[in-house]
Amino acid sequence: LEWALSKLPSSSLRISVELETAAERWLGIMGTGISIVSGSIFVSFVTNTMANVTRSTIRNTQVLRSAQKYCRLHGIPYSYSIQIKRYIERERRRFEFGSHMQLLRELPDGMVRELFQEARSQTLHYHAFFKDVGLNNYSMEVDLCSEAVSEIYLLAGDVAFDAKKKGQGMYIMSDGLGIYQSSLMPACMPRRETDASVKPMINHILPAFLKIDTVTSAEPMPSQTLELGEHIAEPALWVKSWRHRGKFQALLDSRLLLVSAEDPFSVLQEHSEELVSAIVYARLFLHELNNPDRDSQVTDLPIVSRS
C-alpha cells in the first residue's frame, strides 16, 4: 500500500481519492459513522471497566483503613487488621472466580450448552457411571452438563459441606485439593501420599484457615485428602434426604463439579435407556451401601468394593 501511494504523483493525489459518485459518498459516510460508533463503544467499555476496578479498589482500601483506625483507637492487636485484609483479598478472588459465568450467559443458549458439555464432561468422566452413559448418549450428556451440573469455586479453608447437613449432590474435584474429616472413619485408615510440593502448603494452611490445633492430639480426627478426579458424597444422589457424615473443605483454592441430587433424574427421564442404567446402578449402589458385612461405617467417601 505504501509503495502504491508513493507512485502516485502528489499533484494528482487529491483527485485520486476524491469521492465522485453518490455511492462512493454514501459508502464513505457509512464507514465514518461505523468507525465513530465502534470507537465510542470500545472507549466506553474500557472506561467503565477501569472505573469499576477503581471503585472496587477504593472501597476495599476504605474498609481496610477503617478497620486499622478502629484497631488503633481501641488498642486492638494489629493481627485483626491483617485478618480483615486477608478476608477482603479472599472475597475479591472469589468474585473473580465466578464472574466469568455471568459473561458466558450472554452467548447463544445452544453454544453455552455445548461449551458446558466440553468443559464439564472432562471431570464428569472421572466417575465410571457418568462416563459410560455420557459416551453412549451425547445429547443426554449435553443436557446433563447444562441442567444438572454446576461449578463451585472454593478458596482455601472454605467449607463445601458439614456433618448433619442435607446433601445437595455429589462433588467431583476438578482442580485443587480438599480434605474430608469424619469421626466415623477408622483411625487406622490407609491414606494416600500427597505430592511433596503440596505438603508444605498444607502445613501452612491448616493452622491458619482450618483452625486445627498444631499440638499433636492423642486421638486426631480421621481425615482423607481428595485430589483431581476424586468424588465425595455420592450417596446424596441415590439416597433420599441424605445427611452428610463429616466435613469437607478446601485445602487449596479449588474448583468442583456439583452433580445435583434432584436435576439428573429430570434429564434422564427424557432418555429411557440411560434411565434404566441409572436405576440398575442405584440398586447396586444401595445394596453395597447397606451391606451388613462392611468393615467400616458409612461415610461420604466412595464405597470400596470388596474383592
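The values are calculated or read from the model by the stated rules, or taken from the named source; none is laboratory data. Only a predicted model underlies this, so the values are computations on that prediction, with no experimental measurement involved. For neighbour counting, all protein chains shown are included, and Cβ atoms are generated from backbone atoms with ideal geometry for every residue, glycine included. For the accessible areas, the whole protein counts, side chains as well, though only heavy atoms, and no ligand, DNA or RNA atoms are used. Shrake-Rupley method; radii C 1.70, N 1.55, O 1.52, S 1.80 Å.
By its C-alpha gyration tensor, with a ≥ b ≥ c as the square roots of the eigenvalues, how is segment 226-307 shaped: rounded for a/c under 1.5, else prolate for a/b larger than b/c, else oblate?
Taking the square roots of the gyration eigenvalues as a ≥ b ≥ c, segment 226-307 is oblate.
Measuring r between the beta carbons of residue 286 and residue 252 and using R0 = 41 Å, the FRET efficiency lands at 0.75.
Remark on residue 243: its backbone amide H falls under 5 Å from those of 167, a criterion applied only to residues 5 or more positions apart or on other chains, H modelled at 1.01 Å from N. Legend: calculated FRET efficiency, residue 165 to residue 76, from the Cβ-Cβ distance at R0 = 35 Å, rounded to 0.05, equals 0.55. For the listed peptides 152-159, 272-279, a ranking on the average number of other beta carbons within 10 Å per residue, highest first, reads 152-159, 272-279.
Annotation: amide H of residue 253 within the under-5 Å range of 156, sequence separation 5 or more or interchain, hydrogens built in the peptide plane. With all protein chains in place and ligands, DNA and RNA left out, the 1.4 Å accessible area ranks 106, 89, 230 as 106, 89, 230, largest first. Within the full protein context, the accessible area of residue 73 is estimated at about 130 Å² for a probe radius of 1.4 Å. A 1.4 Å probe run over segment 237-307, with the rest of the protein chains in place, finds 58 Å² accessible per residue. Amide H contacts for residue 76 (H built 1.01 Å from N in the peptide plane; partners 5 or more residues away or on another chain; cut-off under 5 Å): none found. Quick check: from the Cα gyration tensor, does segment 43-154 come out rounded (a/c under 1.5), prolate or oblate? Taking the square roots of the gyration eigenvalues as a ≥ b ≥ c, segment 43-154 is oblate. Evaluate E = 1/(1 + (r/R0)^6) for residue 158 and residue 38, where r is the Cβ-Cβ distance and R0 equals 45 Å; express this FRET efficiency to the nearest 0.05. My answer for the efficiency is 0.60. For residue 112, the solvent-accessible surface with a 1.4 Å probe is about 10 Å², rounded to the nearest 10.
Extending 7 Å from Cα along the Cβ direction at residue 297 and again at residue 65 yields two label points whose distance is 5.3 nm.
For the pair residue 128 and residue 111, the difference between a 0.36 nm per residue extended length and the Cα-Cα distance amounts to 3.5 nm. Measuring only protein heavy atoms, the 1.4 Å probe finds residue 90 accessible over about 40 Å².
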